[in-house]
Amino acid sequence: MQIKRIKTKEKVIFLLDMDAFFASCHVARDPSLKDKNLVVASPNRRAIITTASYNARKFGIKAGMPIFKAEELCKNIYRVDSDFALYIKYSQMVFDVIYKNFSQKIEVASIDECYIDVTHVWKKYGTAKKCAIVLKNMVYEKTGLTCSIGISSNKFLAKSCVDFNKPNGVSILLPKDIDKVLWPLEVKEMFMVGKATEEVFLKNNIFTIKDLAQSDVNKIYELLGKRGLTLWSWANGYGSDIVEKDENEFKSIGNEFTLNYTTTDTKEIEEMIYELSLKICDRANKRFLKGKTISIILKYENEKNYNFNATEHKKHKHHQAGLEQYTAEVEKVYSVAKNCFYNTWTGEPILLIGVRLSNLIDDINDKKQLSLGDVNLYERTNLNDIQKIIYDLELKFGTKKIFTGDKLIKYNKKNRGQSKYLENDDVHISNKQVVAKWSKEKKD
Ligand code: TTP
Ligand code: MG
């Protein structure tokens, strides 16, 4: 099946990604490290590398590698221990610089990357590339850190090209060039394709991104559900161009889900609250943040907005226990958000539902408040034994593929192998036409 690429009102989206972020933060603090083969490693026996500087990468050293392996590759590596307070400080500095001096249309994607919608900004710099260079230089001047920028008309394509000119580079990937640039790549190179998904593709003779793009979309849907639809759409150059800006990304983290229909089905609504809680906790954890206030946002068919706040000492005291401490734990956020929902809901059909975590604090300051002092990495990042193992596995395998039992039970209970709502959220807005066409063809 061939679908024409949609060209209406194309946006200009940047993905800004800091170069060798953790390592660069150490260099910014102590410039004498600049020319060393610097690696950052967790300060424990396993000593897994979290970041290799670009000097160290020349020897084939990379994130996820144990330090002993790196030492085999390069005799004079220079190792420093992780310092999360430092990374949070620089991360907030970078986003602040962009937010205050360049654009407020930014979506923080992780501790060291953000999307920026420059559709209405780039022209004053002449070209989108010149605009990116100005931004890159500004970040360097104010923080001493270099970054790279990927430019395209949607988030997926911007993300896909950011590595093409790393470090300290700018890359552009136009949708018309995906067949030359993106399609020859192996399917595992694609954003969000982990080991399991790659295996499914390989078993079905899908080896390159081109193979995926040219596969029958119905087959991909059968193999991977809505997530497959997202990947197939991305492979064809479609993707969300909505920069999900929060009112103040630095004060709160929120996500909402707009339905194409209305619902009063509480099972479905609870599932959505869970998915939203999962997503905001993931975003908070990536940035080492926790929150103390949880809000639920509902929009009914009549378009009226209802906002409800469940802070401590305010209404609904039975929520108080869950929020006595700062949290970014899915189960806690979910249970409070769910209670908020039932206390707010009028019973009318719902069109939009959102969950927000605010009153944020970074993990390090939270620990300081609890007077735990200067503790080791795992204590600092608040990881228990199981989480330590997961953390190391995630470092090794790159993506969040590991679930604790409680999360797994939750997933099984809800009888889904994948995120029903959110994994598809890159498709549901900007790819309406693709989805509509696909649905129509599926019916025919
Ligand atoms: P990345 O942006 O993936 O990597 P990077 O910034 O080190 O290098 P690049 O120039 O290629 O962008 O990740 C940002 C930081 O997140 C990284 O500096 C360390 C941390 N990180 C982990 O803790 N675990 C991981 O598995 C990876 C990949 C990164
Ligand atoms: Mg980076």
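Bear in mind that the values in this text are calculations on the coordinates, not laboratory data. Fair warning: this is a prediction, and the values are worked out from it, not measured in the lab. Quick reminder, even Gly has a Cβ in these numbers, built from the backbone with ideal geometry, and neighbours come from all protein chains shown.
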Two-site label geometry, Lys34 and Tyr54: point separation in nm, points 7 Å out along Cα→Cβ: 1.3 nm
Just to be sure I understand the curve: with the Debye formula and one point per C-alpha of the stretch 183-235, what is log10 I(q)/I(0) at q = 0.23, 0.25 Å⁻¹? -0.75, -0.91
What is the spin-label model distance, in nm, from Asp177 to Thr346 if the labels are put 7 Å beyond Cα along the C-beta direction? 5.2 nm
Mean separation of Cα contacts under 8 Å (at least 6 apart) over the residue count of the stretch 9-82, i.e. the relative contact order in percent, is 30 percent
Could you compute the FRET efficiency for Asp96 and Phe164, with r as their C-beta to C-beta distance and R0 at 30 Å, rounded to 0.05? 0.65
One finds, for Ile133 and Thr262 with R0 = 60 angstrom and r their Cβ-Cβ distance, a FRET efficiency to the nearest 0.05 of 0.80
Rounded to whole Hz and in sequence order, give me ³J(HN,Hα) for the stretch 123-132 from the Karplus expression 6.51 cos²θ - 1.76 cosθ + 1.60, θ = phi - 60°, writing x for Gly and Pro. 4, 6, 9, x, 9, 5, 5, 4, 4, 5
By Cβ neighbour count within 10 Å, fewest first, Ile353, Ile297, Ile13 rank Ile297, Ile353, Ile13
10 Å binning of all Cα-Cα separations within the stretch 183-291, expressed as whole percents from 0 upward: 12, 32, 31, 22, 2
Divide, for the stretch 1-145, the radius of gyration over alpha carbons by 2.2 N^0.38 Å, where N is the residue count. 1.26
Going fewest to most other Cβ atoms within 10 Å around each Cβ, Phe84, Phe156, Phe68 line up as Phe68, Phe84, Phe156
Largest first and rounded to whole Å, the semi-axes √(5λ) derived from the alpha carbon gyration tensor of the stretch 21-85 read 17, 14, 9
